[in-house]
Amino acid sequence: MNEVDSLKKIVRDQARMLQEKNRLLSDLEYRLKQNIVTDSRKEDLAKFQFQLSRQTIDGQAGLLKTILGSIPSGLMVLDAEKRIISYNPAVQNILEIQDKEILGKPCSRFFGESCEMHCLLEKAMETGEAQCSREVRVRTGNGREIVLALDVAPIRDSHGNLIGGVEIFSDITGDVIRESQLQKKQDSLIHVLAKIMEKKDHYILSHSERVKDLALSVAFEAGISEEKDQQELTYASLLHDIGLISVPDEVLLAKRTGTGKPVDLIQAHPADGEWMLSNVEGFEEIKKIVRSHHERFDGKGYPDGIKGDHIPLASRIITLAEAYDAMLHDTATKQRSKEEVLEEIKANRGSQFDPGLVDIFVSKVKG
Ligand SMILES: [Fe+2]
C-alpha cells in the first residue's frame, strides 16, 4: 500500500468510527428519554468509548507517521544530549546515511563539531531560541558536499524545561548551483555593458561606479539588508544610465557642457534603459529600478510621475546618489563644494528626494 492509500485508509477508518459513535449516542439518547437504559447498555457504551479513544490515538500516530514519511524535508528529533532519537526517511535520502548508523548517535558524529548544522543546534539549545540558516554546507555519508536550508528549534516539556531539539532541512544544492551560474552570467553581462558605457562616454561609467558606492553606503540603514536586494541595488546603480548610450554624442556633450537643452532625448534614457535590460534573466526588479531613477518624491519626475513609496526604494536611493554625484562633478555649472551640494540636497528634502533617505545620506556623506 503506498503513502496516499494508507492515508486514505486512516481517514476512512476514522470516519467509520465517528459514524458508529454517533449511532450509539443517538441510541443512548433515545433510551434515556424512554428511561430504558440497562446496565449492559452502559457497559457496551463504556467499552466502545475505550476502543474509540485507542483507535483515535493509533489513527493519529499513523497519520503523523504517514505525513512525516511523505514530506521531502528531513526531520530529526534530538534529546538533551543532542543524540538522534527519531527521524523520517528523507533524512537518510538527503544525508546518505544508513539506517543502523543513525539512532542514538550524536548529530556531530556525522558532520563534525564545527559543522554549522551542529553549531546551530548547540545555539538553539543554549539560547532556547529557534535558529535558521539559508545555506548550510555538509558532507553526506558518501562524502559529497551538499547545501541545506536548515531550521532548528528547541523542544520544551510542559514545565518549560529544554529537553531536546528538532532539525528540519531540505536539500537546496541544485538551487545554489543554478543561482551561482546565473550570478556568473549576470557579472559577465555587467562587465560587457560597462565596457560599452566606457566606449560611449567615460563619464557615464565613472559616475555609475561612484553612484554604486554611495547607494551601497546607505543601503542597510535605508532598509535594504537582504543580500539579494543589495545585489540588485549594485547592478541597478551601475546600469542606471545605460539608456544614455542611445543618446547621440553631440546631445550628451551639449548637456554636459550646458550648451544645449535636448530635454526629450535625455529624458527618454530611464525608459530606454529599462527596455535594454528587459530580456535579461534575473533582471526583472533591476529594470524597474532603472526605469524609476528620475522620479521625484513629490511626483513631478519622469517617466511615470509616480510619487512617494510608489517609487521603488532602490530607485529613490539612486536618485539621491546620482544627484549628489552629478552636482559635485557637473562641468556645466560652477564647481561646488561637498557642503554646498549637501545644502542643495537638504533644500530638496521631501520634494525631489525621500526625506528619510536624505537624513541617512547626509549623515553618511558627512561621515
Ligand atoms: Fe539618469
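The values are calculated or read from the model by the stated rules, or taken from the named source; none is laboratory data. All values reported here derive from a predicted model rather than from experimental measurement. Neighbour counts are summed over all protein chains in view; Cβ atoms, including those assigned to glycine, are modelled from backbone coordinates with ideal geometry.
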Checklist outcome for this item: When (1) charged (D, E, K, R); (2) surrounded by 14 or more Cβ atoms within 10 Å (Cβ to Cβ); (3) closer than 18 Å to A215 by Cβ are applied to R336, the one that fails is (3)
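Grab the helices (runs of 4 or more DSSP H) fully contained in region 191-273, keeping just those with 2 or more residues being surrounded by 15 or more Cβ atoms within 10 Å (Cβ to Cβ), within 28 Å of the chain's Cα centre (by Cα) and away from the ligand (no atom under 13 Å from the Cβ). Full working, then the answer.
On the way: elements: 202-222, 227-239, 249-257, 263-267.
Where helices (runs of 4 or more DSSP H) fall fully within region 191-273 and carry at least 2 residues being surrounded by 15 or more Cβ atoms within 10 Å (Cβ to Cβ), within 28 Å of the chain's Cα centre (by Cα) and away from the ligand (no atom under 13 Å from the Cβ), they are 202-222, 227-239.
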Next on the checklist: Given the options S208, S133, name the one that is over 30 Å from E101 (Cβ atoms) and polar (S, T, N, Q).
Outcome noted: S208
Item to check | Candidates I57, I67 - the one that is surrounded by fewer than 18 Cβ atoms within 10 Å (Cβ to Cβ), closer than 30 Å to M17 by Cβ and either of a type in the set (S, T, N, Q) or within 29 Å of the chain's Cα centre (by Cα) (or both) | outcome: I67
Checklist outcome for this item: Considering only helices (runs of 4 or more DSSP H) wholly within region 275-364, the ones with at least 1 residues that are among the hydroxyl-bearing types (S, T, Y) are 313-329
Checklist entry - Just a yes or no: is a residue in region 316-332 more than 16 Å from the ligand (Cβ to nearest atom) and among the charged types (D, E, K, R)? => result no
Next on the checklist: Residues that are touching a strand residue (DSSP E or B) at 6+ places or on another chain (Cβ under 8 Å) and in the same structural domain as I204 (by TED's automatic domain parsing): does region 338-348 have at least one?
Outcome noted: yes
Checklist entry - Among the residues of region 213-236, how many are of a type in the set (D, E, K, R) and closer than 15 Å to V365 by Cβ? => result 2
Item to check | Filter result for the condition that a residue is under 28 Å from the mean Cα position of the chain (by Cα) and away from the ligand (no atom under 13 Å from the Cβ), over I286, I345 | outcome: I286
